[in-house]
Amino acid sequence: MRTPIYVSHLNLSNFRNYAGLEADFEPGMILLHGANGQGKSNLIEALYMLAIAKSLRATTDRELVRRQSLVGDSHAQVSATVQRLAGDTRVQVDFRVDAGSQDGVVAAEPIPAEAVAVQKLVRVNGAPRRASELVGEVNAVMFSAQDLELVYGSPSTRRRYLDILISQLDRPYLRAAQRYQRVVSQRNHLLKLVRDGRSGAGELEFWDDELVESGKYVMYRRAKVVDTLSEQIAALYENLSGDGESLQLAYRPRIETVAGHSEDELGDALRRSLVAGRPRELAQGHTVSGPHRDDAVVMLEGVEAGPYASRGQSRTAVLALKLAEASILREERNEEPILLLDDV
């Protein structure tokens, strides 16, 4: 039996356009209705942030703090009580504003609101946690108009989508993905040093090993999840659209491989790609192979949807993708995810 879950209470303080909000909710569907600019999307954004520890709409945490609060030493907060059969879980994200510092450095003169330092603090049931530890504590799926970028946008948008989904399922994946990004950064720095004659090419062997070790797991989990999503979105899209078109999601790694490879086989393929691409990497000064270059393409009738799909087709495709995401979370976590639909 899957565990029911719902948000019974939400508190917002100095978040976006909310000076303060206390809201109680009942189980089941909740419909938010109001004029533009009243904060419906901000409320949904706050709920989703409690699931993934960050906002998908903001480029910095500073943007999440109500502008009038970006003066003096103040704070903003998003917190919620999540009801489960096993008991309540309280999740909380605080933003501490230090208007006297900029990026952690004390300022000699007043600084503009756009530059004040904001520190994010996370708690679960009152205990401090790292932001990464919040991911997966409360599972949620969010649909918004911005998600059309999953069809029309860049590969980085689709990679981020996969990373968020898999991280809610698999903490080792989140650690591997974070480790992989650090390795790529260090390796790119070394590639520039080698290119400029300030380091030897032999030093790359260590970072090749590190990149393969974390990268193979990232690729393996992405490939598995894309296969599962693709299986489910076909039927969902047909039910939603009713037009008989087929929808798939295709994983496209930037290395020579085929579907169905094991994690170790993907690691071997990644290592071969690194060796083959070494001259190009040294010339360009950055890593050209690996999961940071992968893509997962939405396909309609066997053709990449981005250049050809209408807005209506894309909205339906993304909605099918989100419903499939919810199904995967439900099956693997044995718990109903919170479904957040913004202007669906």
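I'd like the residue in segment 2-54 that is basic (Lys, Arg) and over 13 Å from residue 77 (Cβ atoms) and, out of all such residues, is least open to solvent (accessible area, probe 1.4 Å). I'd like the intermediate steps shown before the answer.
Let us first name the residues in segment 2-54 that are basic (Lys, Arg), namely 2, 16, 40, 54.
Applying the additional criterion that residues be over 13 Å from residue 77 (Cβ atoms) yields 2, 40, 54.
Details: 2: 95, 40: 59, 54: 93 Å².
Checked segment 2-54; the qualifying residue least open to solvent (accessible area, probe 1.4 Å) is 40.
Going through 35, 23, 19, 58 one at a time, which residue ends up being under 24 Å from the mean Cα position of the chain (by Cα), at pLDDT 90 or above, of a type in the set (A, V, I, L, M) and closer than 29 Å to residue 337 by Cα? Spell out how you get there, then give the answer.
Values: 35 fails: under 24 Å from the mean Cα position of the chain (by Cα); 23 fails: under 24 Å from the mean Cα position of the chain (by Cα); 19 fails: under 24 Å from the mean Cα position of the chain (by Cα).
Result of the check over 35, 23, 19, 58: 58.
Of (1) open to solvent by 60 Å² or more (accessible area, probe 1.4 Å); (2) over 21 Å from residue 282 (Cβ atoms); (3) in a helix (DSSP H, G or I), residue 176 satisfies all except one. Which?
Of the numbered conditions (1) open to solvent by 60 Å² or more (accessible area, probe 1.4 Å); (2) over 21 Å from residue 282 (Cβ atoms); (3) in a helix (DSSP H, G or I), the odd one out for residue 176 is (1).
Out of segment 250-287, which residues are surrounded by fewer than 17 Cβ atoms within 10 Å (Cβ to Cβ) and hydrophobic (A, V, I, L, M, F, W, C)?
250, 258, 259, 275, 276, 282, 283
Of these, 203, 210, which one is over 24 Å from residue 165 (Cβ atoms), in contact with a Leu (Cβ under 7 Å, 6 or more places away or on another chain) and outside any loop (DSSP other than H, G, I, E, B)? So that I can check it myself, show each step before the final result.
Numbers: 210 fails: in contact with a Leu (Cβ under 7 Å, 6 or more places away or on another chain).
Exactly one of 203, 210 is over 24 Å from residue 165 (Cβ atoms), in contact with a Leu (Cβ under 7 Å, 6 or more places away or on another chain) and outside any loop (DSSP other than H, G, I, E, B), namely 203.
What's the number of the condition residue 49 fails, among (1) farther than 22 Å from residue 338 by Cβ; (2) assigned to a helix (DSSP H, G or I); (3) among the aliphatic types (A, V, I, L, M)?
So the condition that residue 49 fails would be (1).
Please go through segment 123-161 and give me each residue that is assigned to a helix (DSSP H, G or I), aliphatic (A, V, I, L, M) and out of contact with any strand residue (DSSP E or B) (no Cβ under 6 Å at 6 or more places or on another chain), ordered by number. Step through it out loud before you land on a result.
To start, the set of residues in segment 123-161 that are assigned to a helix (DSSP H, G or I) comprises 131-134, 145-152, 155-161.
Narrowing further to those that are aliphatic (A, V, I, L, M): 131, 134, 145, 148, 150-151.
Selection gives 145, 148, 150.
I need every pair where a residue in segment 36-55 that is on the phi > 0 side of the Ramachandran plot and in contact (Cβ under 8 Å) with a residue 60 or more places away in the chain has its Cβ under 8 Å from the Cβ of a residue that is surrounded by fewer than 18 Cβ atoms within 10 Å (Cβ to Cβ) and polar (S, T, N, Q), sequence separation at least 6 or different chains.
Going by the 8 Å Cβ cut-off, the qualifying pairs are 53/132.
I need the full set of residues from segment 264-304 which are in contact with a helix residue (DSSP H, G or I) (Cβ under 9 Å, 6 or more places away or on another chain), among the aliphatic types (A, V, I, L, M), outside any helix (DSSP H, G or I) and without any contact (Cβ under 8 Å) to a residue 40 or more places away in the chain, in order please.
Scanning segment 264-304 gives a single hit, 288.
Residues checked against (1) within 19 Å of the chain's Cα centre (by Cα); (2) open to solvent by 60 Å² or more (accessible area, probe 1.4 Å):
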site	(1), (2)
302	no, no
307	no, yes
310	no, no
313	no, no
324	yes, no
329	yes, no
333	yes, yes
337	yes, no
343	no, yes
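Only residues that are open to solvent by less than 20 Å² (accessible area, probe 1.4 Å), more than 24 Å from residue 120 (Cβ to Cβ) and over 13 Å from the mean Cα position of the chain (by Cα): list them for segment 144-173, please.
148, 151, 153
So which residues in segment 216-263 are in a helix (DSSP H, G or I), touching a helix residue (DSSP H, G or I) at 6+ places or on another chain (Cβ under 7 Å) and not hydrophobic (A, V, I, L, M, F, W, C), if there are any at all?
Within segment 216-263, 216, 217, 220, 221, 222, 228, 232, 237, 241, 263 meet the criteria.
I'd like the full set of residues that are open to solvent by 90 Å² or more (accessible area, probe 1.4 Å) and not in a loop (DSSP other than H, G, I, E, B), limited to segment 55-76.
Matches in segment 55-76: 67, 68, 73.
The values are calculated or read from the model by the stated rules, or taken from the named source; none is laboratory data. None of these values were measured; they are calculated from a predicted model. Cβ coordinates were reconstructed from backbone atoms using ideal geometry, including for glycine residues, and neighbour counts include every protein chain displayed. Surface areas here come from the heavy atoms of the whole protein model, side chains and all, with no ligands, DNA or RNA. Shrake-Rupley method; radii C 1.70, N 1.55, O 1.52, S 1.80 Å.
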